[in-house]
Amino acid sequence: MEKLGINEVQKEFDDRLDDIRKKYDELQEEFYWNKLVYESEIKFEPVIGQIYHLYDKDEGRFLSLIAPNEWDMPYVESFKLKHNRKWKRI
């Protein structure tokens, strides 16, 4: 009986730890993308809810309204600005 109990408890802790690791990884990724966008060149005031596109250039990265299929620039990723000023990768 005790062996069964400890195995159940161990599984519960392992599952909870896996959930924490997953959330941590998601948080790290979210931070990475937000840092990348905020460190890029932005020559306009972004509007909440609008979709923007991040591109590479020789001097770094820049954010644009122009979609990747509308020109030939080294595309990185697309984002939407959320109400909390965080960028959501699309």
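Brief remarks on what is shown
- Residue pairs whose Cβ atoms lie under 9 Å apart, separated by 6 or more positions or on different chains, with the first residue in the range 72-87 and in contact (Cβ under 8 Å) with a residue 12 or more places away in the chain and the second in a strand (DSSP E or B) and of a type in the set (D, E), are M73/D56; P74/D56; Y75/D56; V76/D56.
Residue-wise test of (1) touching a Ser or Thr at 6+ places or on another chain (Cβ under 9 Å); (2) on the phi < 0 side of the Ramachandran plot; (3) modelled with pLDDT under 95.
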{"site": "G5", "(1), (2), (3)": "no, yes, yes"}
{"site": "K11", "(1), (2), (3)": "no, yes, yes"}
{"site": "L17", "(1), (2), (3)": "no, yes, no"}
{"site": "S40", "(1), (2), (3)": "no, yes, no"}
{"site": "G49", "(1), (2), (3)": "no, no, no"}
{"site": "E70", "(1), (2), (3)": "no, yes, no"}
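- Leading residue by the ranking (surrounded by the fewest Cβ atoms within 10 Å (Cβ to Cβ)) among those in the range 51-68 that are over 18 Å from the mean Cα position of the chain (by Cα) and on the phi < 0 side of the Ramachandran plot: D58
- Filtered residues of the range 1-36 (kept if within 30 Å of R61 (Cβ to Cβ) and among the basic types (K, R)): R21, K22, K23, K35
- Positions within the range 14-71 being in contact (Cβ under 8 Å) with a residue 24 or more places away in the chain and either touching a Pro at 6+ places or on another chain (Cβ under 6 Å) or not in a helix (DSSP H, G or I) (or both), in sequence order: P46, V47, I48, G49, Q50, I51, Y52, H53, L54, R61, L63
- Residues satisfying the stated conditions in the range 49-79, i.e. in contact with a Lys or Arg (Cβ under 7 Å, 6 or more places away or on another chain) and of a type in the set (A, V, I, L, M): I51, L54, V76
The values are calculated or read from the model by the stated rules, or taken from the named source; none is laboratory data. From a predicted model like this one, the values you see are computed outputs, not experimental measurements. Heads up, the Cβs are rebuilt from the backbone with ideal geometry, glycines too, and the neighbour counts pull from every protein chain shown.
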